[in-house]
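Q: What follows is a structure written as structure tokens; I'll ask about it next.
The values are calculated or read from the model by the stated rules, or taken from the named source; none is laboratory data. Since we're looking at a predicted model, the values are computed, not measured. Note: ideal-geometry Cβ built from the backbone for every residue, glycine included; neighbour counts use all protein chains shown. Note: areas computed on protein heavy atoms with side chains; ligands, DNA, RNA excluded. Shrake-Rupley method; radii C 1.70, N 1.55, O 1.52, S 1.80 Å.
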Amino acid sequence: MQIRENISLQPYNSFGIYAMAKYLATFKTVAELEEILGNPKFKIQNPKFILGGGSNILLTQDFDGLVLKNEIGGIEVVNEDAEHIYVKAGAGENWHNLVMYCVENGFAGMENLSLIPGNVGASPMQNIGAYGVEVKDIFHEAEAYHLKDKHTRKFTVNDCEFGYRESVFKHKYKGEFVIISVTYRLHKKHVFNTSYGAIQQELEKMGVTELSIKAISRAVINIRSSKLPDPRVIGNAGSFFKNPQVDKKLFEQLQSQHPNIPHFPFDSMHVKVPAGWLIEQCGWKGYRKGDAGCYSKQALVLVNYGNASGSEIYNLSEEILQSVKNKFGIELEREVNII
Ligand code: FAD
Ligand code: EPU
């Protein structure tokens, strides 16, 4: 356990935004978390913010409270049945390391989620997703500690109310629970999911003749590396906005004006339209104002080229949001957590 006062959060967020925290406390066990919370200094210290890898946050101001950085580690197989392997991971484990562990051991289900930055604890909170798979597809249960009531509760898949980048932890119970561990249900028999995006094309390019979860993981890593900026080089938090679910009537109007508009089925009333396309059509792709910008290879990713402030990135996102609304009548929703 470590508690530091008046500390810069710049090394702790993938946007590389400079902002100060009044306190930053790290913990490796629930007992350490309880010790921090029991400290008289923090009993009155509000608000509290739970930090993982900092890869989906935008800091727009200093944080005058207690940042709780979850560093609970450990990966273990806790159960198995005829078809499944149950892998439990501490919330502070790096997500991609967990994916690599599962891929190496032949546990299938996570390979399409390779190379997503951040930690295990945020994976159900965000219901992370990529290349046709979401965490909800492999989620078994999570243990979470209630900050006020000081008890640990188990969450099943139904309790989590997962949606597209949504869960109870993001809204209903926002800031209430610290996720401690997550258990994933993986498959012994490998079922491959290669239908999404450019996976098939990439596998062909790689010369893969026999499909495997290792090959899919590698293909996903290659695709992601070719179009997403590496936060160690250019600050970013991945997709800044969600892909909007557009009412079918509005979509048909848009399609008559823009016959090439890309779209994906969503439900009987809605169509999913890539926000990256909408943003590119408004002329933002590659735009830069000071050190805040819209990435040249993926318009959905806002970037910090060096010394942009959180407000500059936020203001740029607001300009983008307004221009998409004016041109297409579609209101984008931010995916990144604004602090
Ligand atoms: P943080 O940024 O630290 O926190 C995010 C939110 O979760 C905060 O509200 C925080 O309070 C909360 N939180 C974190 N840990 C806990 C915990 N233990 N208990 C309770 N609440 C917690 N996401 C995708 O879904 N798909 C992608 O393909 C994808 N690609 C990305 C590519 C890049 C280059 C980057 C930078 C990001 C990408 N992301 C993607 C976003 C990001 O990786 C995920 O949202 C990730 O799950 C965030 O994890 P984190 O540990 O960094 O969370
Ligand atoms: N597009 C453009 N211009 C752009 C970017 C995209 O026209 O600059 C259009 C293209 O038609 C392209 C389509 O958008 O085919 C989809 O683009 P891409 O495959 O890059 O995926 P995305 O919809 O932009 C989503 C997720 C990503 C995830 C990928 C792959 C959201 C908000 N984003 O991006 O998740 O990795 O699919 O599954 O759903 C994240 O959440 O941070 C993230 C990176």
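Q: Is it the case, given these coordinates, that ASP159 is assigned to a helix (DSSP H, G or I) and out of contact with any helix residue (DSSP H, G or I) (no Cβ under 9 Å at 6 or more places or on another chain)? If you could, list the steps in order and put the result at the bottom.
A: Values: assigned to a helix (DSSP H, G or I): yes; out of contact with any helix residue (DSSP H, G or I) (no Cβ under 9 Å at 6 or more places or on another chain): yes.
So ASP159 fits the description; yes.
Matching residues to (1) within 13 Å of ligand 2 (Cβ to nearest atom); (2) assigned to a loop (DSSP other than H, G, I, E, B); (3) in contact with a Ser or Thr (Cβ under 7 Å, 6 or more places away or on another chain):
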position: HIS190; (1), (2), (3): no, yes, no
position: ILE221; (1), (2), (3): yes, no, yes
position: VAL233; (1), (2), (3): no, yes, no
position: ASN236; (1), (2), (3): yes, no, yes
position: LYS249; (1), (2), (3): no, no, no
position: PRO262; (1), (2), (3): yes, yes, no
position: SER268; (1), (2), (3): no, yes, no
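Q: Answer with yes or no whether LEU115 is open to solvent by 50 Å² or more (accessible area, probe 1.4 Å), touching a Lys or Arg at 6+ places or on another chain (Cβ under 8 Å) and either part of a strand (DSSP E or B) or not hydroxyl-bearing (Ser, Thr, Tyr) (or both). Please lay out each step first, then the result.
A: Working: open to solvent by 50 Å² or more (accessible area, probe 1.4 Å): yes; touching a Lys or Arg at 6+ places or on another chain (Cβ under 8 Å): yes; either part of a strand (DSSP E or B) or not hydroxyl-bearing (Ser, Thr, Tyr) (or both): yes.
Yes; evaluated as a whole, the condition is true for this residue.
Q: With respect to LYS285, determine if the residue is farther than 19 Å from LYS327 by Cβ, outside any strand (DSSP E or B), within 15 Å of ligand 2 (Cβ to nearest atom) and open to solvent by 70 Å² or more (accessible area, probe 1.4 Å). Outline the logic, then answer.
A: On the way: farther than 19 Å from LYS327 by Cβ: no; outside any strand (DSSP E or B): yes; within 15 Å of ligand 2 (Cβ to nearest atom): yes; open to solvent by 70 Å² or more (accessible area, probe 1.4 Å): yes.
Spelling it out, it is not the case that LYS285 is farther than 19 Å from LYS327 by Cβ, outside any strand (DSSP E or B), within 15 Å of ligand 2 (Cβ to nearest atom) and open to solvent by 70 Å² or more (accessible area, probe 1.4 Å).
Q: Given the condition surrounded by 19 or more Cβ atoms within 10 Å (Cβ to Cβ) and touching a Cys at 6+ places or on another chain (Cβ under 7 Å), answer yes or no: does some residue in segment 302-310 qualify? Don't jump to the end; show me each part of the working.
A: Quick first cut of segment 302-310, residues surrounded by 19 or more Cβ atoms within 10 Å (Cβ to Cβ) only: 302-304, 308, 310.
From what's left, touching a Cys at 6+ places or on another chain (Cβ under 7 Å): 302.
Looking through segment 302-310, at least one residue is surrounded by 19 or more Cβ atoms within 10 Å (Cβ to Cβ) and touching a Cys at 6+ places or on another chain (Cβ under 7 Å).
Q: So which residues in segment 223-282 are open to solvent by 70 Å² or more (accessible area, probe 1.4 Å), touching a helix residue (DSSP H, G or I) at 6+ places or on another chain (Cβ under 7 Å) and closer than 21 Å to GLY129 by Cα?
A: The one that is open to solvent by 70 Å² or more (accessible area, probe 1.4 Å), touching a helix residue (DSSP H, G or I) at 6+ places or on another chain (Cβ under 7 Å) and closer than 21 Å to GLY129 by Cα: HIS263.
Q: Please specify each residue of segment 143-186 satisfying the condition of being of a type outside the set (D, E, K, R), open to solvent by 70 Å² or more (accessible area, probe 1.4 Å) and touching a residue at least 24 places away in the same chain (Cβ under 8 Å).
A: Of the residues in segment 143-186, the ones of a type outside the set (D, E, K, R) are 144-147, 151-152, 155-158, 160, 162-164, 167-169, 171, 173, 175, 177-184, 186.
Narrowing the set further to residues that are open to solvent by 70 Å² or more (accessible area, probe 1.4 Å) leaves 151-152, 158, 171.
If the condition is that a residue be of a type outside the set (D, E, K, R), open to solvent by 70 Å² or more (accessible area, probe 1.4 Å) and touching a residue at least 24 places away in the same chain (Cβ under 8 Å), then THR152 is the only one that fits.
Q: Within segment 322-329, does at least one residue satisfy the condition of being under 21 Å from the mean Cα position of the chain (by Cα) and either within 15 Å of ligand 1 (Cβ to nearest atom) or not assigned by TED's automatic domain parsing to the domain that holds TYR18 (or both)? If you could, list the steps in order and put the result at the bottom.
A: Within segment 322-329, the subset under 21 Å from the mean Cα position of the chain (by Cα) is none.
Checked segment 322-329: no residue is under 21 Å from the mean Cα position of the chain (by Cα) and either within 15 Å of ligand 1 (Cβ to nearest atom) or not assigned by TED's automatic domain parsing to the domain that holds TYR18 (or both).
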